[in-house]
């Protein structure tokens, strides 16, 4: 029987960190399934899912925790085997506007109050093409309950966009 582990990793960015993780997982007969990793503020940070034989799971978790001696902190959690039974629809939210505090807070509050799950969120600061001002860009993959009132959601997002002076699209 196989066990899925969700791993979060962080450490000072340097060459070889991904290799170190991959070798450790492989040495315990594990399989690297999904991941997202980035250099953020001089740190290497990521999340990944690895699958390993149940009999090797504890040994792998221990070996991953030992990587801290090499500068990489790893937190491992066993994944639940409970598929989400709620019927959902998928939508993509895209946002762009001048950077200011509170953008993610306001958008996520509107989504959470409607029981909308943020499946994936990517954000970045980029230099504006016509000015040196920083633009905040976000792209979120959302799972909406099938009974979500899309008109209500669109109105709420448009109100937030107007208040924050950002452009929001929902597809």
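At-a-glance table
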item	result
Residue 160 being over 19 Å from the mean Cα position of the chain (by Cα), buried (at least 16 other Cβ atoms within 10 Å of the Cβ) and assigned to a strand (DSSP E or B)	no
Residue match in region 120-130 (condition: outside any loop (DSSP other than H, G, I, E, B), surrounded by 14 or more Cβ atoms within 10 Å (Cβ to Cβ) and not assigned by TED's automatic domain parsing to the domain that holds residue 38)	yes
Region 97-119, residues that are crowded, with 16+ Cβ neighbours inside 10 Å and either in a strand (DSSP E or B) or outside the structural domain of residue 163 (by TED's automatic domain parsing) (or both)	97
Residue satisfying all of: in region 131-148; touching a strand residue (DSSP E or B) at 6+ places or on another chain (Cβ under 9 Å) and surrounded by fewer than 11 Cβ atoms within 10 Å (Cβ to Cβ); farthest from residue 165 (Cα to Cα) among these	146
Pick from region 27-58, criterion touching a strand residue (DSSP E or B) at 6+ places or on another chain (Cβ under 8 Å) and in a helix (DSSP H, G or I), ranking: surrounded by the fewest Cβ atoms within 10 Å (Cβ to Cβ)	54
Residues of region 1-26 that turn out to be part of a loop (DSSP other than H, G, I, E, B) and in contact with a helix residue (DSSP H, G or I) (Cβ under 7 Å, 6 or more places away or on another chain), as a count	1
Complete set of residues in region 59-81 that are surrounded by 12 or more Cβ atoms within 10 Å (Cβ to Cβ) and in a strand (DSSP E or B)	73, 74, 75, 76, 78
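The values are calculated or read from the model by the stated rules, or taken from the named source; none is laboratory data. Nothing here was measured: the structure is a model prediction, and the numbers come from that model. All Cβ positions, glycine included, derive from the backbone under ideal geometry; neighbour counts span all protein chains shown.
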